[in-house]
Structures are given as structure tokens and as C-alpha cells.
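Participant: Got a structure here, written out as C-alpha cells. Questions coming.
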Amino acid sequence: MTYPRSTILGGATLCRVAAACVALLWVLPTRADQIVVGKQNYRGARIRTLEDGQLRFRSAEGMSVAVHIGDIDLIIVDRTGVFDDFNEAERFLASGEPQKAAARYERALKLSTDFWSELIAARLIIAYDRADQIDKATGYFVRLARGKRSGARAAARLIPQRIPQRRTAKFGRAIRELDLALAAAPEPLQHLLFALVRFKILKANGDRRATSAAMRAIALPIAASIRSEQVYTILTSAFREVLGGATTATVRAALDRAIRDCPESVLADFLLIKGESLLRSAKTREEVIRAAWPFMRVVIHMGDDTRAADALFGAATALEQLGNRDRARVMLSECLAHVGASEKVKSQAQAMLARLRTGTSR
């Protein structure tokens, strides 16, 4: 049998075609996963791995993308088997049914391998947190912080948020989980995160151990890799707890470190804490002037921030102590006019303004 010359491939041509086919198979995704991060919807993606708390995947356009697992809203994996439970869990989580989501994640976790077990643990923190199960959320938080592919960097942005305001069995189990984790001599980054979450839970329940837990937390250095807004938000509460009493050089140094290193979103909180602390302990005119500086930094550089109203009130308090009542009244008027002023600070400003107008002392 003979074939038309045009249909016969020579050896060199055949090799080129084979190479092209292999290249095509490498470029085209073998599956079409979907990852949603905020307003960004990556359809036709291909999940590759989890590394240093970031999910790494190739987009449909062939771009390499890495997103922090704490920022992901939805993951749909284009595979069957164990991923059927995972995908169903993702849909339940997205639709506001966290308890149902957690049950599916647990089933998927039993059969997961490689990096998927840590990714599922991260999703379980979110699911159990939303389901008001602080004990289980804490357990998976500890597990995630210890993970080789996730670790403290991932856990720092997945700290459980919904803490029960009363003592329950879940509260007790969560604290025991953290006590055991701290007793196991964790590495420094894990130690800090476990100490912070322990303080957060104790504080929410008015536990008498909260003050000592706050001291333990603020004394620890914070590496750049875990300087998340969640970490520093807990720290603001820890500083307020500690600074209610006598201020030590160690606490002041820790507060200055926090001001230097914290994310911009919480800087105003730390400046307010410093101003309030300095003002409470001020005994001389120079000390009162130094106390006013953090307040004025917020007023001048963050004037549109809602916390600027609190800074204006703090600055007015310092000005009154300095005897500059006219300038204090100006600050109080600006505080009352600020669109972000809370009812609490408005009430305080009105009371102080009325006192200044009548010339009465505090």
C-alpha cells in the first residue's frame, strides 16, 4: 500500500511534532480550578502548591500567582474523589453555613495528602470560628501555626475572631489547647501567636489571668513575617490592659517597637495608647507636652481617620493641663465636628467644653 507523499512524516518532522505536543500538554492546564480573592476571580486556574502560607497557582493566562490563604474567599478544585467534600464545604462556607462546611472539611481532611491537609486546616479555622466553636478553631489554629507549608506566617492572619463573652466548656478547651501548645516549647513565632490568642480569649471573658497573659505577649518580639493587622489589634488590647497599672521601662520600650513596626491601619491606636499613658503619668510641664505629641501626630497626619476625634480630645486634655484653655476649646470644637467622632468621645468633649466655658476646674 502506498500513501500520498504529503501524509508521510520523516523522522525529523515526527520528532518536532512530538516535542510540540509535549509542550502543548505542559502549557495547557490539565484542570480548571477556581480561586476567588476579593473581587478577583481566577477561573481556569491550576493549583500547584502551598508554600510559606501562600497558595501558588497558574492563572488561565499562564501567569504564576501567589495569594495568602487568609485572603482567599473561595476555592473550587476540578478533581473528583476527596475533593467532592472539599468543594461542597467551600460552597457551604460561601453561603453562610459554616457548621455544614466544617463537617465536609473534616471528611476531606481524613483523606488529604501533601499540602492539602494544611490548606484544609486553614479553612477549618474559618469555618469553626464562624460557627462559634472557639475550641475547635483554636485547635486548628495551633495545627496551622506548626505546619511546614503554612506556619506562623499563615496563622498570623487567621486568628480566631469570635470569642465567647462568657465561660463555657469551649472556652476551657481552647485555653487548655493553648496552654499545652505553650508548654511544648514552641519556636518563637509560634510562642508569640499562642500567647496572643490566649490573652485574647482570657480578656474577652474577663478572666483575672488576662493581665499576666498581656505582659507575656507584649514582651515578645514580633518578626516581620507575622506583623499582621490581627496580631497588632490584639496587642493594642494587651497594652491597654497592662498600662492600666504602673508603666515600666520594658512596657514603654515594647510600645515604641509596636509604633515603629505596626501596620499603618493600627498606628493611630498605638499613638493614642502612648499619649494616654504619658498623660496619666505626667508630673511636669515638659512631660505633659511630650504626652501631647502622639495625639497631635494623629491629628496632623491622620485627620480623616475616625480615631482623630479621640486624638483631638486627648490633645485638648493636655492643653488644659498646660493652662491653654482657649486652644483646648478649639480642639474640643474640632472633635465635636469630626464626622468620625463616637458618641462616647462626643459626650466627653461636651462635658469638658462646658467646664472650660464656665471656668471650673476638673
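The values are calculated or read from the model by the stated rules, or taken from the named source; none is laboratory data. Everything numeric in this text was worked out from a predicted model, so none of it was measured. Glycine also receives a Cβ, built like all others from the backbone with ideal geometry; neighbour counts cover every protein chain displayed. Ligands, DNA and RNA are excluded from the accessible area calculation, which covers all protein heavy atoms including side chains. Shrake-Rupley method; radii C 1.70, N 1.55, O 1.52, S 1.80 Å.
Participant: Inspect region 128-151 for any residue being under 25 Å from Ala103 (Cα atoms), open to solvent by 70 Å² or more (accessible area, probe 1.4 Å) and touching a residue at least 60 places away in the same chain (Cβ under 8 Å) and give the result as yes or no.
Facilitator: Among the residues of region 128-151, at least one is under 25 Å from Ala103 (Cα atoms), open to solvent by 70 Å² or more (accessible area, probe 1.4 Å) and touching a residue at least 60 places away in the same chain (Cβ under 8 Å), which makes the answer yes.
Participant: Give me the pairs, please: first residue somewhere in region 61-76 and farther than 16 Å from Ala127 by Cβ and among the β-branched types (Val, Ile, Thr), second residue anywhere and part of a strand (DSSP E or B) and open to solvent by 40 Å² or more (accessible area, probe 1.4 Å), beta-carbon distance under 8 Å, and either six or more positions apart or on two chains.
Facilitator: Note: pairs meeting the criteria are Val65/Tyr42; Val65/Arg56; Val65/Arg58.
Participant: Just one of Gly314, Gly303 is closer than 25 Å to Leu235 by Cα and outside any helix (DSSP H, G or I); which is it?
Facilitator: None of the others qualify; the one that does is Gly303.
Participant: In region 272-300, what count of residues is obtained for those that are among the basic types (Lys, Arg) and either part of a loop (DSSP other than H, G, I, E, B) or modelled with pLDDT under 95 (or both)?
Facilitator: 2
Participant: Name the residues in region 64-120 that are among the acidic types (Asp, Glu) and farther than 15 Å from Ser150 by Cα, would you?
Facilitator: Selection gives Asp73, Asp78, Asp84, Asp85, Glu88, Glu90, Glu97, Glu106.
Participant: Hey, another quick one. Within region 269-291, which residues are open to solvent by 20 Å² or more (accessible area, probe 1.4 Å), farther than 17 Å from Gly340 by Cα and not polar (S, T, N, Q)?
Facilitator: Within region 269-291, Lys274, Glu276, Leu278, Leu279, Arg280, Ala282, Lys283, Arg285, Glu286, Glu287, Ile289, Arg290 qualify.
Participant: Another question, then. Being more than 17 Å from the chain's Cα centre (by Cα) and on the phi > 0 side of the Ramachandran plot narrows it down to one of Ala185, Ala102, so name that one.
Facilitator: Ala185
Participant: Is at least one residue of region 243-252 more than 22 Å from Ala127 (Cβ to Cβ), in contact with a Ser or Thr (Cβ under 8 Å, 6 or more places away or on another chain) and among the polar types (S, T, N, Q)?
Facilitator: Checking region 243-252: at least one residue is more than 22 Å from Ala127 (Cβ to Cβ), in contact with a Ser or Thr (Cβ under 8 Å, 6 or more places away or on another chain) and among the polar types (S, T, N, Q).
Participant: Go through region 224-268 residue by residue and tally those that are open to solvent by 40 Å² or more (accessible area, probe 1.4 Å), farther than 25 Å from Ile300 by Cα, within 18 Å of the chain's Cα centre (by Cα) and of a type in the set (Gly, Ala, Ser).
Facilitator: Summing the residues that are open to solvent by 40 Å² or more (accessible area, probe 1.4 Å), farther than 25 Å from Ile300 by Cα, within 18 Å of the chain's Cα centre (by Cα) and of a type in the set (Gly, Ala, Ser) in region 224-268 gives 2.
Participant: Among the residues of region 107-127, write down those that are farther than 17 Å from Ala156 by Cα, in contact with a helix residue (DSSP H, G or I) (Cβ under 7 Å, 6 or more places away or on another chain) and not in a loop (DSSP other than H, G, I, E, B).
Facilitator: Arg107, Ala108, Leu109, Leu111, Ser117
Participant: Sticking with this one: When only residues in region 155-170 that are modelled with pLDDT under 95 and not in a loop (DSSP other than H, G, I, E, B) count, which is surrounded by the most Cβ atoms within 10 Å (Cβ to Cβ)?
Facilitator: Lys170
Participant: So, one more: Can you find a residue that is touching a Ser or Thr at 6+ places or on another chain (Cβ under 7 Å), β-branched (Val, Ile, Thr) and not in a helix (DSSP H, G or I) anywhere in region 60-74?
Facilitator: Yes, region 60-74 has at least one match.
Participant: Could you identify the single residue in Arg252, Arg257, Arg227 that is of a type in the set (Lys, Arg) and within 13 Å of Ala156 (Cβ to Cβ)?
Facilitator: Residue meeting the stated conditions: Arg227.
Participant: Yes or no: Ser237 at pLDDT below 95 and hydroxyl-bearing (Ser, Thr, Tyr)?
Facilitator: The answer is no for Ser237.
Participant: A follow-up question, please. Right, Pro164: without any contact (Cβ under 8 Å) to a residue 40 or more places away in the chain and over 23 Å from Leu55 (Cβ atoms) or not?
Facilitator: no
Participant: Report, by residue number, each residue of region 71-107 that is of a type in the set (Ser, Thr, Tyr) and buried (at least 17 other Cβ atoms within 10 Å of the Cβ).
Facilitator: Answer for region 71-107, where residues must be of a type in the set (Ser, Thr, Tyr) and buried (at least 17 other Cβ atoms within 10 Å of the Cβ): just Tyr105.
Participant: Inspect all residues belonging to region 108-127 and state whether any of them is in contact (Cβ under 8 Å) with a residue 40 or more places away in the chain, among the aliphatic types (A, V, I, L, M), open to solvent by less than 20 Å² (accessible area, probe 1.4 Å) and more than 18 Å from Ile35 (Cβ to Cβ).
Facilitator: No - not one qualifying residue is present in region 108-127.
Participant: Working only within region 53-66, note down all residues that are in contact with a strand residue (DSSP E or B) (Cβ under 9 Å, 6 or more places away or on another chain) and open to solvent by 40 Å² or more (accessible area, probe 1.4 Å).
Facilitator: Passing the criteria: Arg56, Arg58, Ala60, Glu61, Ser64, Ala66.
Participant: Report yes if some residue within region 292-299 is open to solvent by 20 Å² or more (accessible area, probe 1.4 Å), closer than 25 Å to Phe199 by Cβ and in contact (Cβ under 8 Å) with a residue 24 or more places away in the chain; otherwise report no.
Facilitator: For region 292-299, residues open to solvent by 20 Å² or more (accessible area, probe 1.4 Å), closer than 25 Å to Phe199 by Cβ and in contact (Cβ under 8 Å) with a residue 24 or more places away in the chain: absent.
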